[in-house]
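Report on the following structure.
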Amino acid sequence: MASARASTKAHNQRPTSLFSVDVRSLALPKTRKGQQRRAELLEAAAKAFAVQGYRKVSLASLAAEVGITEQGAMHYFPTKEHLLVGVLDAYDLADEEGYRQATESASTLVDGLLAAMRHRLEHHRQTATLISVLMAESVDPTHAAHTWFVDRNRRMRENVTHMLTVAQERGELRADIDIPALATQQVALFDGLVVQWTLDPEAFDVITVIERFYASLRQ
């Protein structure tokens, strides 16, 4: 069977223009201590945003969490929005790498898609919770991440549509399936299940539910 790697070109990172600030333009710390402090701020922010949401967290509280002053934190991230962008950038990079690792050994595109989702939940559980919390918050158009999530959902639908179109062409899925509609269902199903799983992790296995969903769609 053809490898799932053929579809990885469709898995693209977000453009940097979705925020009013650009973290990638900031100079990275040159010392190991500075790099460690920056990483600690990102980790503290990801944990805090996942539990409290973006708006209830202050830059000062995050700075205190890692043992520095707010002014010291602003040396790495001038504003809380810069820090939010940094967290989401880190999510994008981890998600991209995890996607490549999970799909490269899959024998089919559908198996690759399932492997990528399982990798995301098994290795980035905190991030999955973070995305669920921030997505709910960002329904408000004034939220700092609103545009990022609008774009993220569009990209996910486009990427899944691409993968499933190729899967259908290879005979992995029934020919009568409406692929764009299926891609929309897939994204909504995964995000909705992750919210329920975050609340009650012992209730069910997310990927098992999605596997059974796809089992009814295979040839």
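The values are calculated or read from the model by the stated rules, or taken from the named source; none is laboratory data. Keep in mind it's a predicted model, so treat the numbers as computed, not measured. So basically every Cβ, Gly included, is an ideal-geometry build from the backbone, and we count neighbours across all protein chains shown.
Given the conditions (1) within 20 Å of T147 (Cα to Cα); (2) modelled with pLDDT of 90 or more; (3) not aliphatic (A, V, I, L, M), report the number of the one that K33 does not fulfil.
Only one criterion in (1) within 20 Å of T147 (Cα to Cα); (2) modelled with pLDDT of 90 or more; (3) not aliphatic (A, V, I, L, M) is unmet by K33, namely (1).
With L182, L193, L173 as the choices, which residue is at pLDDT 90 or above and in contact with a strand residue (DSSP E or B) (Cβ under 7 Å, 6 or more places away or on another chain)?
When all the criteria are applied, what remains is L173.
Got a sec? Which of D176, D151 is of a type in the set (D, E, K, R) and within 28 Å of V57 (Cα to Cα)?
D151
Let's see how each residue does on (1) part of a helix (DSSP H, G or I); (2) closer than 14 Å to Y54 by Cβ; (3) not assigned by TED's automatic domain parsing to the domain that holds A45:
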{"site": "L121", "(1), (2), (3)": "yes, no, yes"}
{"site": "T129", "(1), (2), (3)": "yes, yes, yes"}
{"site": "A144", "(1), (2), (3)": "no, yes, yes"}
{"site": "W148", "(1), (2), (3)": "yes, yes, yes"}
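Hey, could you check region 53-75 for residues that are part of a loop (DSSP other than H, G, I, E, B) and out of contact with any helix residue (DSSP H, G or I) (no Cβ under 8 Å at 6 or more places or on another chain) and say which is surrounded by the fewest Cβ atoms within 10 Å (Cβ to Cβ)?
G67
I want to confirm something. Restricting to region 115-161 and keeping residues that are among the hydroxyl-bearing types (S, T, Y) and within 13 Å of the chain's Cα centre (by Cα), which single residue is nearest to A94 (Cα to Cα)?
T127
Please go through region 162-180 and pick out each residue that is surrounded by fewer than 19 Cβ atoms within 10 Å (Cβ to Cβ) and under 21 Å from the mean Cα position of the chain (by Cα).
Correct list: H162, P180.
Under 14 Å from the mean Cα position of the chain (by Cα), farther than 29 Å from T161 by Cβ and touching a residue at least 12 places away in the same chain (Cβ under 8 Å): is that true of G86 in this structure?
The answer is yes for G86.
Do the conditions hold for T198, that is, is it of a type in the set (S, T, Y) and at pLDDT below 90?
For T198, the condition - of a type in the set (S, T, Y) and at pLDDT below 90 - is met.
Name every residue in region 190-208 that is surrounded by 15 or more Cβ atoms within 10 Å (Cβ to Cβ) and either more than 15 Å from A116 (Cα to Cα) or not assigned by TED's automatic domain parsing to the domain that holds M135 (or both), in order of residue number.
Answer for region 190-208, where residues must be surrounded by 15 or more Cβ atoms within 10 Å (Cβ to Cβ) and either more than 15 Å from A116 (Cα to Cα) or not assigned by TED's automatic domain parsing to the domain that holds M135 (or both): L193, V195, W197, T198.
So E40 ticks every box in (1) at pLDDT 90 or above; (2) not in a helix (DSSP H, G or I) but one. Which box is left unticked?
Checking E40 against (1) at pLDDT 90 or above; (2) not in a helix (DSSP H, G or I), the one that fails is (2).
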